[in-house]
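Report on one structure; see the data block that follows.
Rule-based calculations on the coordinates, nothing more; no lab input. Everything numeric here is computed off the predicted structure, so don't read it as measured data. All Cβ positions, even for glycine, are placed from backbone atoms using ideal geometry, and neighbour counts span all protein chains on display.
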Amino acid sequence: MVGETGGVRVQEGAHVDFVKGHGTQNDFVLLPDPGVALDLTPEFVSALCDRQRGIGADGVLRVATAGALRDAGVLATVPDGIDDNDWFMDYRNGDGSIAEMCGNGVRVFAHYLAAHDLVAGNDFVVGSRAGARPVVVHARNGTHAEVSVSMGKVVFGSDSKATIGGTTYAGVAVDVGNPHLACVVESMTAETLDDIDLTAPITYDTGDFPAGVNIELITAPTPSTVDGVTGEVQMRVHERGVGETRSCGTGTVAAAAAALRSIGRNTGAIIVAVPGGRITVTIRDNDSELRGPSILVGAGMLNEGWL
Ligand SMILES: N[C@@H](CCC[C@H](N)C(=O)O)C(=O)O
């Protein structure tokens, strides 16, 4: 038997719990759904993420194991490197579209798992459509955590460009499991970056990015004052499927790699300052790492028929 809760078909008698969290103010609604009872239609996800008629968020993270998602037909197969019993971040953008990976989301997801004793220890794998993402929860309580994520190898593509509100920015395609156009703008200052209108119309080369793209505008790196860190940049982002967000974890990895490349380096650590906070990204030859905060804001239950 199924009933309707907020427009979502669920087993009768079930209700829909949610948790709200954010990583550097990139915010998410987490839906614990171990039985994969929820049908995350684009209509439902976009209503839930709507800041007037829903809970409000940049994206949705369904919490279920990889095997359960496959058995329910949400995943065609479990990606390599992920076990059936691993928790899998089933990520949706605010417009309801599916994305391969979310770097801020995976930190919040890992914090939620650890805070709810759903994993043994602080060092475990989170599954994503881009593959396994090993995480370490360094310090946490039920509200705050510091989490690092191994984000895999960063792959550069071709040079490309985007036009935002009539101004064209040159950048480079960067694959961090999802697609990015990272534009390091030598002449840009923190102030001129602030002044850019990211609600203005945006065009990019759809030949380079047939599945859409996340676009980062980045200042040139300045030397860091933090020990062992190569440099610092400021970044703003326009996310595929969302619009401007106050942070994008995969975007900070793309930005750090592009910033290092702009000073002739392939590896190093960069602090990326975004409107929502600061993230440390380390780029290595065959791997990258994102380290930053997670905050679990609160929890609640969706009222039946809210949608
Ligand atoms: N905010 C995320 C990225 C979410 C996915 C992105 N919008 C896409 O469509 O690729 C992050 O923190 O990485």
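Among Leu296, Leu217, Leu181, rank each residue by its count of other Cβ atoms within 10 Å, from fewest to most, as a rough exposure measure. Please report the intermediate quantities before stating the final value.
Numbers: Leu296 21, Leu217 25, Leu181 28.
Final ranking by Cβ density, sparse to dense: Leu296, Leu217, Leu181.
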Given springs between every Cα pair under 10 Å in a Gaussian network model of the chain, which of Ala139, Ala66, Ala254 has the largest fluctuation? Ala139
Work out how much length Asp95 to Glu146 would gain on full extension: take 0.36 nm times their residue separation and subtract the Cα-Cα distance, in nm to one decimal. 15.5 nm
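From the mean inverse distance of alpha carbon pairs (Kirkwood) and the Cα radius of gyration, derive Rg over Rh for the chain.
Values: Rg = 18.9 Å, Rh = 19.5 Å.
Computed over Cα atoms, the ratio is 0.97.
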Going by how many other Cβ atoms sit within 10 Å of their own, how do Thr230, Thr206, Thr143 line up, fewest first? Thr206, Thr143, Thr230
Using the Karplus curve 6.51 cos²θ - 1.76 cosθ + 1.60 with θ = phi - 60°, what ³J(HN,Hα) values do you get for each residue of the range 212-219, in whole Hz, with x for Gly and Pro? x, 7, 8, 10, 10, 9, 9, 7
Given backbone amide H placed at 1.01 Å from N, residues whose amide H is under 5 Å from that of Ser160, ignoring those fewer than 5 places away on the same chain, are Gly171, Val172, Ala173
Within a 10 angstrom radius of the beta carbon, how do His22, His138, His180 rank from fewest other beta carbons to most? His138, His22, His180
222 nm [θ] for the chain, helices only, -39500 (n - 2.57) per DSSP H run of 4+, per residue, to 500? -4500 deg cm²/dmol
Just Thr225, Thr77, Thr282 to compare: in a GNM of the chain, with alpha carbon springs under 10 Å, which one fluctuates most? Thr225
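Taking only C-alpha pairs under 8 Å that are 6+ residues apart, what is the relative contact order of the range 155-286 in percent?
Values: 298 pairs, mean separation 27.4, N = 132.
Reported relative contact order: 21 percent.
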Checking Glu43, Glu191, Glu146 against a Gaussian network model of the chain (alpha-carbon springs below 10 Å), the top fluctuating residue turns out to be Glu191
Name the residue farthest towards the positive end of the dipole of the chain from the options Val36, Phe156, Ala190, assuming +1 on Cβ of Lys and Arg, -1 on Cβ of Asp and Glu, about the Cα centre. Ala190
Rounded to two decimal places and with Rh computed the Kirkwood way over Cα pairs, what is Rg over Rh for the range 155-286? 0.93
Using mean Cβ contacts within 10 Å as the protection proxy, how do 102-110, 168-176 order, highest first? 102-110, 168-176
